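Reading through the structure tokens given below for one structure.
The values are calculated or read from the model by the stated rules, or taken from the named source; none is laboratory data. Not measured: the values here are computed from a predicted model. For neighbour counting, all protein chains shown are included, and Cβ atoms are generated from backbone atoms with ideal geometry for every residue, glycine included. Ligands, DNA and RNA are excluded from the accessible area calculation, which covers all protein heavy atoms including side chains. Shrake-Rupley method; radii C 1.70, N 1.55, O 1.52, S 1.80 Å.
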Amino acid sequence: MLGFLTARQAGVDDPLRLRRAESTRRVLSLKLNPDRDVDRIHGNGINTIDIEAVEGRYMLSGGADGVIVIYDLENYSRKLQYTCKAVCTVGRSSRYVHKFSVETVQWYPYDTGMFVSSSFDKTMKVWDTETLKPAEVFEFEGNVYSHHLSPIARKHSLIAVGTTDPKIQLCDLKSGSRIHVLQGHRAEILSVRWSPRYDHILATASADSKVKVWDVRRASGSLFTLDQHNGDKSKASSEAVNMAHNGRVNGLCFTGDGLYLLTTGTDDRMRLWNSATGENTLVNYGKVCNESRKRLQFTVSRGCSPEFVFVPCGSSVAVYALHTGELVTMLRGHYNNVDCCEFHPDYQELYTGGKDCNILAWVPAPRAPDVEEESKSANQAAADLSSVNPAFQDAWSSDED
């Protein structure tokens with residue numbers, strides 16, 4: 001730590017190097033915090049969670065019981081042991097509650113006054129946070145697996161929606177209507193994600209084993225379809241051409257800079273792709289257990305060097321190094337399968353939800369004091385003592401006296 005500070009003061013180091021190093025240390029030391037609880041509200045498994053980016057203070061959760069909960073993550077008591085309280089709930093007693101399982105919840109990217117939820121009751125609802133009433137309800141022909149609002153869009157307010165229909169629906173928040181469909185998949189759409197780099201780029205994953213990347217400004221088909229063999233027909237059978245996985249693709253996640261796209265499939269594989277070219281980087285993560293028939297919510301760290309991937313794996317969360325594929329650690333604490341995880345970039349914390357109805361908080365271990373700091377503090381104490389205690393002062397007289 002002292003070395004980083006000295007180099008920063010001398011102007012030798014990049015200003016962000018210390019921040020990245022400390023963020024990386026914090027992620028590598030993540031552990032289950034026994035002093036922090038999250039209110040247990042859901043009566044069934046937790047499918048999805050989302051932390052708002054404006055203040056980093058409020059967290060949404062959606063469960064298989066149709067209930068939506070908003071939590072306040074702030075520690076007002078300033079005590080070591082505290083509980084993240086549920087601020088408000090859209091419970092079973094509400095007339096506006098989803099009838100079936102809530103699959104995705106997401107805050108509006110620029111304001112905590114609105115959030116969006118989608119469910120197996122074939123609806124997507126845009127909620128007013130203040131009144132907990134839907135300002136808009138979109139209805140679909142089939143179950144809604146996933147929806148996503150662009151985190152950076154200023155020129156459009158489109159929500160991409162994936163349902164049991166092979167067509168991706170684009171809904172406009174401003175007009176309150178479905179304005180466009182994207183056709184190309186042959187089975188249900190399990191996950192959709194907007195790029196955090198370009199507001200017109202959309203990635204979609206389907207049960208047809210394919211992942212497509214779209215430019216929504218174009219009226220024609222997708223930009224490209226991801227191919228695990230990078231176009232090498234000698235490795236792929238005729239049926240496996242342009243397939244991202246050898247099974248259902250149920251997870252999508254862009255890296256924070258939008259340069260790479262991660263996908264997970266029921267073939268127990270996770271793949272890293274160049275989001276600009278669609279090339280498979282061939283990073284080998286080994287076997288990544290994936291038994292989910294629905295969307296799998298996994299996440300990537302931000303501000304670290306290197307970055308890390310957090311993937312639900314049974315009742316644990318596997319942590320991988322993004323670019324090497326190395327399994328760094330397994331986070332164990334849930335009693336049943338983990339279905340979702342969300343990374344908090346401000347504090348390098350991780351929140352996970354599972355079928356055991358619990359949301360667990362994983363926080364970095366405190367930094368141990370540096371050896372240099374300890375020795376310096378000891379020397380400083382001795383110096384202070386010598387300045388006030390005559391016993392430590394030089395009593396010798398000079399020859400000239």
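In a strand (DSSP E or B), open to solvent by less than 40 Å² (accessible area, probe 1.4 Å) and either at pLDDT 95 or above or under 25 Å from Pro109 (Cβ atoms) (or both): is that true of Ser23 in this structure? When the stated conditions are applied, Ser23 does not pass them. Based on this model, can you work out whether Asn290 counts as under 18 Å from Cys341 (Cα atoms), polar (S, T, N, Q), in a loop (DSSP other than H, G, I, E, B) and within 22 Å of the chain's Cα centre (by Cα)? It is true that Asn290 is under 18 Å from Cys341 (Cα atoms), polar (S, T, N, Q), in a loop (DSSP other than H, G, I, E, B) and within 22 Å of the chain's Cα centre (by Cα).
Is it the case that Val87 is free of Cβ contacts under 8 Å to residues at least 40 places away in the same chain, surrounded by 21 or more Cβ atoms within 10 Å (Cβ to Cβ) and either among the aliphatic types (A, V, I, L, M) or assigned to a strand (DSSP E or B) (or both)? Give the derivation first.
Working: free of Cβ contacts under 8 Å to residues at least 40 places away in the same chain: yes; surrounded by 21 or more Cβ atoms within 10 Å (Cβ to Cβ): no; either among the aliphatic types (A, V, I, L, M) or assigned to a strand (DSSP E or B) (or both): yes.
No, not satisfied.
Looking only at residues in the stretch 262-278 that are more than 16 Å from Ser315 (Cα to Cα) and in a loop (DSSP other than H, G, I, E, B), the one that is nearest to the chain's Cα centre (by Cα) is Ser275.
For the structure I just gave you, tell me whether Thr281 is over 17 Å from the mean Cα position of the chain (by Cα) and over 22 Å from Lys155 (Cβ atoms). Criteria met by Thr281. Report yes if Tyr71 is among the aromatic types (Phe, Trp, Tyr) and surrounded by 20 or more Cβ atoms within 10 Å (Cβ to Cβ), otherwise no. Yes; evaluated as a whole, the condition is true for this residue. Taking the numbered list (1) in a loop (DSSP other than H, G, I, E, B); (2) in contact with a Gly (Cβ under 6 Å, 6 or more places away or on another chain); (3) of a type in the set (Lys, Arg) in turn, Arg186 passes all entries but (2). The combined condition, being at pLDDT below 95, surrounded by fewer than 23 Cβ atoms within 10 Å (Cβ to Cβ) and among the aliphatic types (A, V, I, L, M), is not fulfilled by Ile201. Before we move on, is Tyr82 crowded, with 18+ Cβ neighbours inside 10 Å, among the aromatic types (Phe, Trp, Tyr) and touching a residue at least 40 places away in the same chain (Cβ under 8 Å)? No; evaluated as a whole, the condition is false for this residue. When only residues in the stretch 320-360 that are β-branched (Val, Ile, Thr) and either part of a loop (DSSP other than H, G, I, E, B) or under 24 Å from Lys85 (Cβ atoms) (or both) count, which is most open to solvent (accessible area, probe 1.4 Å)? Ranking the qualifying residues of the stretch 320-360, first place goes to Thr324. If you go through the stretch 293-319 and keep only what is assigned to a loop (DSSP other than H, G, I, E, B), in contact with a strand residue (DSSP E or B) (Cβ under 7 Å, 6 or more places away or on another chain) and over 22 Å from Gly258 (Cα atoms), you end up with Lys294, Ser315.
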